[in-house]
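A.B. asks: Here it is, the structure, as structure tokens.
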Amino acid sequence: RENFWRSNNGEVVPFNTDPGKLEALAKERLTQNGWYYASSNAGLSYTHTANRQAFYRHRIIPRMLVDTNKRDTGTEIFGHKVSAPIGFAPVGINKIYHPDGELPVARAAKDLNLPYCLSTAGSQPIEDVAEANGAGPRFFQLYMPHDDELTVSLLTRAHRTGFTACILTVDTWQLGWRHDDVSTSNYAFYHGIGADLGLSDTVFQKRLREAGVDPKTQPNEAGAMWIDNVWHGRAHTWEKMPWLIQTWKEISGGKPICLKGIQAVSDAEKAVQLGFDGIVVSNHAGRQVDGAVASLDALEKIVDAVGKKTYIMFDSGVRGASDVVKALALGAKFVFVGRLWIWGLSIMGYHGVRHVMQALLADLDILMNVGGITDLRQLDRTVLESYPKGY
Ligand code: FNR
């Protein structure tokens with residue numbers, strides 16, 4: 001089929017990496033449940049749309065006759081030298097997209113030398129993902145249980161297996177109201193898939209025994225218990241954050257801890273005051289609060305307020321290299337992508353992820369060459385022409 005990747009004796013023919021075409025190919029490959037889970041946004045998709053529109057408000061001013069022959073996409077994050085300021089956003093239950101789940105994604109991230117962020121809702125044990133990621137830089141995204149012993153267990157396993165930062169997601173105490181997803185009762189579907197990452201935890205296994213649930217004969221009950229633990233619907237508050245910071249610092253010997261899902265300036269300020277090492281300005285790809293501000297608009301304000309005091313990362317809506325450049329020019333130091341690599345994984349596992357992310361790197365390198373950008377770390381707002389919000 002046109003656009004499709006034909007694998008011939010290990011030789012691969014690239015499929016078209018236009019994001020719209022990737023999405024269409026992924027839709028063909030996934031079950032309806034899988035497609036609805038991956039593609040659905042909160043409510044009326046206002047936030048998802050706003051995320052994309054915000055990029056149109058900023059245009060890059062290309063510069064000519066600049067010596068871009070020694071250009072460099074590389075940067076550093078938490079002490080790791082990486083190929084580009086682009087990382088794999090944490091995405092749960094990857095077995096929806098590929099039978100090997102998180103493993104091919106972690107392998108592709110290592111091979112491209114881009115940081116990989118594992119979700120607490122992953123469908124493979126932390127240890128196996130770490131092995132697949134090998135020497136690659138990796139971070140652990142925490143959905144924080146209310147069971148402190150379980151939190152400590154997860155963080156300890158992550159530290160022992162080489163995850164060098166903890167990223168606490170604070171915008172998802174429960175899943176947003178996503179019409180498509182709700183329509184297929186995906187709650188039951190998650191139980192079937194099972195988040196092995198949690199099921200294999202010794203503290204969680206203890207909880208299963210206490211509740212009299214045998215995960216072998218009652219996988220749905222065990223899955224439900226795990227889901228209730230991470231997507232339990234009960235919010236954590238700022239009061240709990242000093243405990244988490246201290247706990248992770250003690251477990252990891254002082255490695256960074258960041259908050260993901262920040263959109264308000266005052267929340268960013270609070271994170272800095274409490275001693276978090278960074279924040280990810282994100283609205284979860286528009287899947288949580290429908291009608292929320294565009295993540296790129298939030299980024300600008302947050303950079304103005306705390307950009308000099310903390311390490312600011314960004315995600316939600318990135319589909320191409322120009323989006324990466326715009327976010328960096330507005331003051332983000334690092335950008336994560338989610339759906340782009342999910343489509344790659346759904347289309348062709350390891351090769352699909354690698355192809356999509358490699359295409360993004362190529363797009364970025366070419367944009368720098370033709371746009372007169374030599375070093376992404378030097379980018380600032382002078383490279384942008386920004387229009388007032390008019391929508
Ligand atoms: C996510 N995201 C997410 N975030 C997180 O902290 N833990 C998780 O388990 C997940 N799971 C997840 C599943 C799916 C299907 C999607 C689309 C997203 C949010 C993710 O980390 C990131 O914030 C967004 O995906 C970034 O937006 P784009 O790049 O997808 O537009």
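The values are calculated or read from the model by the stated rules, or taken from the named source; none is laboratory data. This is a predicted model, so every value here is computed, not measured. Cβ sites come from the backbone with ideal geometry, for glycine too, and all protein chains shown count toward neighbours.
A.B. asks: If you scan the stretch 95-144, which residues turn out to be under 21 Å from Ala359 (Cβ atoms), within 9 Å of the ligand (Cβ to nearest atom) and either of a type in the set (Phe, Trp, Tyr) or in contact with a Leu (Cβ under 7 Å, 6 or more places away or on another chain) (or both)?
C.D. replies: If the condition is that a residue be under 21 Å from Ala359 (Cβ atoms), within 9 Å of the ligand (Cβ to nearest atom) and either of a type in the set (Phe, Trp, Tyr) or in contact with a Leu (Cβ under 7 Å, 6 or more places away or on another chain) (or both), then Tyr97 is the only one that fits.
A.B. asks: Right, another one. Which of the residues spanning the stretch 345-359 are within 24 Å of Leu296 (Cα to Cα) and either buried (at least 23 other Cβ atoms within 10 Å of the Cβ) or among the hydroxyl-bearing types (Ser, Thr, Tyr) (or both)?
C.D. replies: Our first condition is that a residue be within 24 Å of Leu296 (Cα to Cα); within the stretch 345-359, this holds for 356-359.
Passing the criteria: Val356, Met357.
A.B. asks: Please verify whether Ala294 is among the small types (Gly, Ala, Ser), under 20 Å from Leu44 (Cβ atoms) and either within 16 Å of the ligand (Cβ to nearest atom) or modelled with pLDDT under 95 (or both), treating the condition exactly as stated.
C.D. replies: The answer is yes for Ala294.
A.B. asks: Within the stretch 254-277, how many residues are in a loop (DSSP other than H, G, I, E, B) and either within 21 Å of the chain's Cα centre (by Cα) or touching a residue at least 40 places away in the same chain (Cβ under 8 Å) (or both)?
C.D. replies: Selection size over the stretch 254-277: 6.
A.B. asks: Would you check which residues across the stretch 328-359 are farther than 16 Å from Val281 by Cβ and within 11 Å of the ligand (Cβ to nearest atom) and list them?
C.D. replies: Passing the criteria: Arg339, Leu340, Trp341, Ile342, Trp343, Leu345, Ser346.
A.B. asks: Might you check whether a residue that is at pLDDT 95 or above, crowded, with 22+ Cβ neighbours inside 10 Å, among the hydroxyl-bearing types (Ser, Thr, Tyr) and part of a helix (DSSP H, G or I) occurs anywhere in the stretch 36-44?
C.D. replies: no
A.B. asks: From the set of residues in the stretch 202-218 that are crowded, with 16+ Cβ neighbours inside 10 Å and within 27 Å of the chain's Cα centre (by Cα), which is modelled with the highest pLDDT?
C.D. replies: Filtering the stretch 202-218 for residues that are crowded, with 16+ Cβ neighbours inside 10 Å and within 27 Å of the chain's Cα centre (by Cα), the one modelled with the highest pLDDT comes out as Val203.
A.B. asks: Mind listing just one residue for me: the one in the stretch 298-327 that is within 15 Å of the ligand (Cβ to nearest atom) and in a helix (DSSP H, G or I) and, of those, surrounded by the fewest Cβ atoms within 10 Å (Cβ to Cβ)? So that I can check it myself, show each step before the final result.
C.D. replies: Within the stretch 298-327, the first condition is being within 15 Å of the ligand (Cβ to nearest atom), and the residues that meet it are 298-299, 312-324, 326-327.
Filter once more, so that each one left must be in a helix (DSSP H, G or I): 298-299, 321-324, 326-327.
On the way: Ala298: 23, Leu299: 28, Ala321: 22, Ser322: 17, Asp323: 22, Val324: 27, Lys326: 28, Ala327: 32.
By that ranking, first place goes to Ser322.
A.B. asks: Determine whether Ala54 is assigned to a helix (DSSP H, G or I) and either over 24 Å from Ala362 (Cα atoms) or in contact (Cβ under 8 Å) with a residue 40 or more places away in the chain (or both).
C.D. replies: In short, yes.
A.B. asks: For the stretch 230-262, how many residues are surrounded by fewer than 20 Cβ atoms within 10 Å (Cβ to Cβ), more than 17 Å from Thr172 (Cα to Cα) and small (Gly, Ala, Ser)?
C.D. replies: Selection size over the stretch 230-262: 2.
A.B. asks: Of everything in the stretch 130-146, what is touching a residue at least 60 places away in the same chain (Cβ under 8 Å) and more than 15 Å from the chain's Cα centre (by Cα)? Give them in sequence order.
C.D. replies: Met144, Pro145, His146
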